[in-house]
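Student: Structure provided below as structure tokens; questions to follow.
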Amino acid sequence: MENIADLIEHNHFYHVFQPLCRLPEQNKFGYEALIRSKTGISPDALFQGALSQNRLLQLDMWSIDCAVSSFFSSPVIQEGDELLFVNLFPSTIVADTFPSFVDNLERRFLLFRHRIVLEINESIIEGQIWNDPLFIQRIGELRDAGFLIALDDVGDGTTTFRKIVEISPDFIKIDRFFSTGLSICKKKQKVIRLFVDYCRDDSSLILEGIEREEDLAHASLLGVTIGQGYFLGKPDRLEEHK
């Protein structure tokens with residue numbers, strides 16, 4: 001693995017954006033920013049390398065800053081209302097330098113902060129951080145500053161129903177496991193119904209990994225209001241989506 005700091009310094013990373021769509025209409029609701037490396041390193045390998053080099057915080061904050069800057073530099077995006085979902089590690093949230101980073105981000109994107117969704121990654125390695133009171137406190141501060149909060153990969157990581165209640169996210173993103181074969185799996189349908197009912201008044205439900213038309217149709221039938229997946233749109237440069 002190459003040195004992460006050098007790769008950041010020499011601008012070896014960029015972002016692609018995958019659409020999230022309202023269901024059943026399939027009109028674009030927002031985009032998730034996904035980091036990519038010009039060296040061909042997979043995102044998982046990239047973040048594992050950053051973790052091993054003690055550069056995860058640096059890479060995470062750079063990625064957020066770059067994604068937000070890239071997204072809102074587009075005049076078309078500025079005039080629209082689509083949300084931007086950006087990934088964020090729990091360890092970044094509790095870092096000492098994070099509040100100043102957020103203050104800077106808030107000042108620079110004051111007009112758009114209500115359209116920025118900070119999507120908390122569920123890293124098993126960082127599972128203990130979810131129990132840190134500072135973690136909950138910082139999330140509250142982010143919301144007070146006008147940012148939106150999403151919990152990612154719910155159903156596959158460290159999130160428990162207790163944490164969902166404590167954090168009360170604006171968006172709950174259900175792991176792609178539940179969208180695969182949804183149209184024929186009764187147990188997955190029961191789980192989706194559970195979350196649809198929970199999110200009816202408190203959060204917006206997003207089903208990830210939708211790749212087949214029949215699963216999309218069944219998600220809509222069950223009451224899922226926002227979908228994401230290759231069937232609805234693949235990750236690509238922002239200008240390719242317009």
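Student: Looking only at the range 196-240, how many residues end up being within 21 Å of ILE184 (Cα to Cα) and part of a helix (DSSP H, G or I)?
Tutor: 12
Student: Output the residue which, of all residues in the range 76-103 that are in a loop (DSSP other than H, G, I, E, B) and touching a residue at least 12 places away in the same chain (Cβ under 8 Å), is nearest to the chain's Cα centre (by Cα).
Tutor: So the residue we want is PHE89.
Student: If I filter the range 151-173 for residues that are closer than 20 Å to TYR31 by Cα and aromatic (Phe, Trp, Tyr), do I get at least one hit?
Tutor: Yes, that holds for at least one residue.
Student: Any residue that is part of a loop (DSSP other than H, G, I, E, B) and not aromatic (Phe, Trp, Tyr) - is there at least one of those in the range 161-168?
Tutor: yes
Student: List the pairs whose first member sits in the range 7-33 and is farther than 19 Å from LEU238 by Cβ, whose second member is surrounded by 21 or more Cβ atoms within 10 Å (Cβ to Cβ) and not hydrophobic (A, V, I, L, M, F, W, C), and whose Cβ atoms are under 6 Å apart, counting only residues at least 6 apart or on separate chains?
Tutor: Pairs found: LEU23/GLY227.
Student: Which residues, counting only those in the range 97-141, are under 19 Å from ASP170 (Cβ atoms) and of a type in the set (Val, Ile, Thr)?
Tutor: Correct list: VAL102, ILE116, VAL117, ILE120, ILE136, ILE139.
Student: Look at the range 1-28 and say how many of its residues are not hydrophobic (A, V, I, L, M, F, W, C) and not in a strand (DSSP E or B).
Tutor: 11
Student: Name the single residue, out of those in the range 109-139 being farther than 15 Å from ALA33 by Cβ and of a type in the set (A, V, I, L, M), that is modelled with the lowest pLDDT.
Tutor: Across the range 109-139, the extreme among qualifying residues is ILE124.
Student: Could you tell me which of the residues GLU119, GLU106, GLU126 is in a strand (DSSP E or B) and in contact (Cβ under 8 Å) with a residue 12 or more places away in the chain?
Tutor: GLU119
Student: Name every residue in the range 13-42 that is at pLDDT 85 or above and either loosely packed, with under 13 Cβ neighbours inside 10 Å or more than 27 Å from ILE210 (Cα to Cα) (or both), in order of residue number.
Tutor: Once the filter is applied, which keeps residues that are at pLDDT 85 or above and either loosely packed, with under 13 Cβ neighbours inside 10 Å or more than 27 Å from ILE210 (Cα to Cα) (or both), the range 13-42 yields GLU25, ASN27, LYS38, SER42.
The values are calculated or read from the model by the stated rules, or taken from the named source; none is laboratory data. This is a predicted model, so every value here is computed, not measured. Glycine also receives a Cβ, built like all others from the backbone with ideal geometry; neighbour counts cover every protein chain displayed.
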